[in-house]
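See below for the structure under consideration.
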Amino acid sequence: MTRIKHEEIANQLLYAEQMTVPIQPLTTTYSEISVTDAYQIQIAQINAKVEKGAKIVGKKIGLTSEAMQQMFHVTTPDYGHLLDSMMHVDGDTLSLDGFIEPKLESEIGFVLKKDLHGPGVSVADVIEATAYVVPAFEVIDSRIRDWKIKFEDTVADNGSSARAILGGKPTHLLNLDLHHIGMVVTRNGQQIVTAAGAAVMGNPLQAVAWLANVLGEYGISLKAGEVILSGALTVAVPIRSGDTFTAEFAHIGSVSVTFG
């Protein structure tokens, strides 16, 4: 695909997001689309938003679990960008008016104090570069009709990302075992799912190292101060108006959000 085609498709996705009207799968409309094309479309969208005043504040990692990778017939995660307009804090109420068919994922968020630039980034490097971790929710929402997406669709659509909610207490990684860390999610006070950090590539630290190394191939660094959402510990949960979700993590606190 040409750069002009990338920008054309990016504009379709931007319009779908703005008008909350989904489009047909890109992989159906453009059978020639490649993963490289998809990332170029994603970048074109982000650049368009930055030109209008948005700021990049971090990255999100998706498809980190084996089950999700099998669903999309891939062997690698994907990533997207976090913008300041997407960020919320613990206890916020979000209107559903701006979404198409949102779902909620529970994650561990990393806030960096040093840059990470691959290739060659190790788990030890991630630990050294991390200021603290916090519980997080990511609201995902597909601009593709009925979530009928393949890998290239979600990559082009900025990893199907929509919002992020950070909560809990900032916790240093010292003596913190993210592989075994447990989590319980409730909806309106009723437990709906449990998980452990090992669900994310064996350890969320591995996911952040993966991202730094992949981006390093394109000359892109993870920057000090950025938020990195390391990937969902559980399946995505549909959101209904009036829902209040809370994710309680061992050792690092909780995060809550209400949808109206």
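The figures follow:
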| quantity | calculated |
| --- | --- |
| Pairs with Cβ under 9 Å, 6+ apart, first in segment 79-94 and under 15 Å from ILE61 (Cα atoms) and without any contact (Cβ under 8 Å) to a residue 60 or more places away in the chain, second aliphatic (A, V, I, L, M) and open to solvent by less than 10 Å² (accessible area, probe 1.4 Å) | LEU83/ILE46 |
| Where ALA232 falls short, out of the listed (1) within 15 Å of VAL126 (Cα to Cα); (2) within 16 Å of the chain's Cα centre (by Cα); (3) not polar (S, T, N, Q) | (1) |
| ILE43 under 19 Å from the mean Cα position of the chain (by Cα) and either open to solvent by 50 Å² or more (accessible area, probe 1.4 Å) or modelled with pLDDT of 95 or more (or both) | yes |
| Within segment 106-151, tally of residues that are part of a helix (DSSP H, G or I) and within 22 Å of GLN18 (Cβ to Cβ) | 3 |
| Residue within segment 75-95 that is in a helix (DSSP H, G or I) and either surrounded by fewer than 19 Cβ atoms within 10 Å (Cβ to Cβ) or at pLDDT below 95 (or both) present | yes |
| Complete set of residues in segment 213-231 that are at pLDDT below 95 and in contact with a strand residue (DSSP E or B) (Cβ under 6 Å, 6 or more places away or on another chain) | GLY231 |
| Test set (1) open to solvent by 40 Å² or more (accessible area, probe 1.4 Å); (2) more than 17 Å from the chain's Cα centre (by Cα); (3) not hydrophobic (A, V, I, L, M, F, W, C) - PRO238 fails condition number | (2) |
| Segment 18-38, subset free of Cβ contacts under 8 Å to residues at least 12 places away in the same chain and not hydroxyl-bearing (Ser, Thr, Tyr), residue nearest to ALA48 (Cα to Cα) | GLN18 |
| Any hit, segment 160-167, residues being under 30 Å from GLU8 (Cα atoms), basic (Lys, Arg) and touching a strand residue (DSSP E or B) at 6+ places or on another chain (Cβ under 6 Å) | yes |
| Strands (runs of 3 or more DSSP E) wholly inside segment 159-260 containing at least 2 residues that are within 16 Å of LYS59 (Cβ to Cβ) and touching a helix residue (DSSP H, G or I) at 6+ places or on another chain (Cβ under 7 Å) | 161-166 |
| Residue list for segment 112-125, restricted to those being open to solvent by less than 50 Å² (accessible area, probe 1.4 Å) and in contact with a Ser or Thr (Cβ under 7 Å, 6 or more places away or on another chain) | LEU112, LEU116 |
| Residue satisfying condition, being at pLDDT below 95 and surrounded by fewer than 16 Cβ atoms within 10 Å (Cβ to Cβ), within set GLU128, GLU66 | GLU66 |
| Criterion violated by VAL155 - all others in (1) open to solvent by 10 Å² or more (accessible area, probe 1.4 Å); (2) of a type in the set (Val, Ile, Thr); (3) outside any strand (DSSP E or B) satisfied | (1) |
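The values are calculated or read from the model by the stated rules, or taken from the named source; none is laboratory data. Model, not experiment: these values are computed from the prediction. Heads up, the Cβs are rebuilt from the backbone with ideal geometry, glycines too, and the neighbour counts pull from every protein chain shown. We work out accessible area using only protein heavy atoms, side chains counted, and drop any ligands, DNA or RNA first. Shrake-Rupley method; radii C 1.70, N 1.55, O 1.52, S 1.80 Å.
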